Amino acid sequence: MASLPLDGVTVVSCEQAVAAPLATRHLADLGARVLKIERPGSGDFARAYDETVRGLSSHFVWLNRSKESVTLDLKHEAAPEVMGRLIDGADVFVQNFAPGVAERLGLGAAALRASRPGLITCSISGYGSTGPYRDAKAYDLLIQSEAGLVSVTGTADEPAKSGIPAADIGAGMYAYSGILSALFHRERTGEGTELEVSLFDALIEWMGFPLYYTGFGGTPPPRAGTSHPAIAPYGTFSAGDGTQLVLAVQNDREWAAFCRHAVGRPEWTSDERFATGSARVAHRAELEREIGAVFATLTGEELAARLSEGRIAHARRRELPEVLEHPQLTERDRFAEVGSPVGPLRMTLPPVTVPGRPPRLDPIPALGEHTDAVLTEFGFDAADLRRRGLS
């Protein structure tokens, strides 16, 4: 099999939950060896979030394929020697401890890099290592609330959190891209890098549009469900048979095509209520009533055909069982079987593809599955360390 871009790169990660495991899983997908350090007995607490994947947690299954699980009690007297030797053999060290914990364990970036100038360290936290919120609890919902995502999500009557852990995912992806950039920098200079990523900073970056809209416009964008505060028609509409389609008409050229092909009302392009983008937004309720009256006379299939004929941006609003059978996924063979402690599991392929080089899709590890093999590889008596309570 052809090599992958990160073949030969070793990552040691003291990780749990979502953000750090997401970053390291993407590294593993590209060929990196990831040694996942877990707490003996319970491990990464995401292992216990649910039991929906044949007894395994859906979060853990999503985030932890292709990793080696090593259980270590990091407060044990032997832990510094073991971790030191593992990190000596690593290119990257990732941790998402609470602020200050890594330093107390002797795993702070400054201490590690003092004797390892080529090491890349990545610290992931809720709010960063400084500031008044440094020690605040930082679960995803809390970050979404503090960063304002909840305030712009939902309907006019009711705010809502994102249905996926947006803050965790944002931080994980910035950690991933930061580590890749640090590896590239080291390839050119030989120097390691200290990286710091926070969930709050990641989500603030993602909140750029509503923050600038508010800061310069004086008022926040209104919550609009699947609609858009500055574009119309935009959002979910129903055909006469109940089929729901989502529109995104974003400029006057698309608006003209929509009027001609989708609703058969070419005169709307010169109607002062709808002739410009700002006019359509100002008269959104009236516009949506007019569109709804036309769509009510069509089946979903008829409406989709009209939209396709006019090359008008649209989509089906699908429920998750439909997404699992999405024709774009099935026709492109975007699923693969991955091993696990409960047998093969059907999983989606990673979004980054390298032609001719399939991603690494090794099994999801059982807790501590690789402890003895890894400790032995690094020169320790695994049985003795286990008897002493380290693992």
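One table, with the values for the structure above:
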| read-out | value |
| --- | --- |
| Lys, Arg +1 and Asp, Glu -1 on Cβ, resulting dipole of the chain about Cα centre, debye, nearest 20 | 200 debye |
| Pairwise centroid distance, computed over Cα atoms, of the stretch 195-238 with the stretch 53-124, Å | 35 Å |
| Backbone N within the stretch 232-258 under 20 Å of label point (7 Å from Thr226 Cα along the Cβ vector) | 232-251, 255, 258 |
| Charge context of Tyr174, other residues only, Cβ under 12 angstrom, K/R +1, D/E -1 | -4 |
| Fewest-first sequence of Asp88, Asp29 by Cβ atoms within 10 Å of each Cβ | Asp88, Asp29 |
| Eligible aspartates and glutamates near Lys75 by straight Cα distance, threshold 13 Å, same-chain separation 8 or greater | Glu38, Glu103 |
| Potential lengthening between Lys137 and Thr189 on full extension [0.36 nm per residue; Cα-Cα distance subtracted] | 15.0 nm |
| GNM result for the chain, Cα springs below 10 Å: residue of Ala160, Ala23, Ala175 fluctuating most strongly | Ala160 |
| Interchain or long-range residues, amide H under 5 Å from Ser125's placed H | Val197, Ser198, Leu199 |
| Additional length obtainable on full extension of the chain from Phe378 to Arg54, 0.36 nm per residue less Cα span | 113.2 nm |
| Backbone N under 12 Å from the Ala296 label point (7 Å along Cα→Cβ), restricted to the stretch 225-262 | 238-241 |
| Under 5 Å, built H, 5+ apart or other chain: amide partners of Ala224 | Gly154 |
| Net length gained if the chain between Ser238 and Thr276 were fully extended (0.36 nm per residue, minus Cα distance) | 11.3 nm |
| Summed residue charge, Cβ within 15 Å of Thr24's Cβ, Lys/Arg positive, Asp/Glu negative | -2 |
| Local net charge near Gly235, Cβ-Cβ under 10 Å (Lys/Arg +1, Asp/Glu -1) | +1 |
| Using a Förster distance of 25 Å, the FRET efficiency for Phe45-Asp362 (Cβ separation, nearest 0.05) | 0.65 |
| Relative contact order of the chain, defined on C-alpha pairs under 8 angstrom at six or more residues apart (%) | 18 percent |
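Read-outs: derived from the displayed coordinates by stated rules, not from any lab. Because the structure is a prediction, the values reported are computed rather than measured. Glycine also receives a Cβ, built like all others from the backbone with ideal geometry; neighbour counts cover every protein chain displayed.
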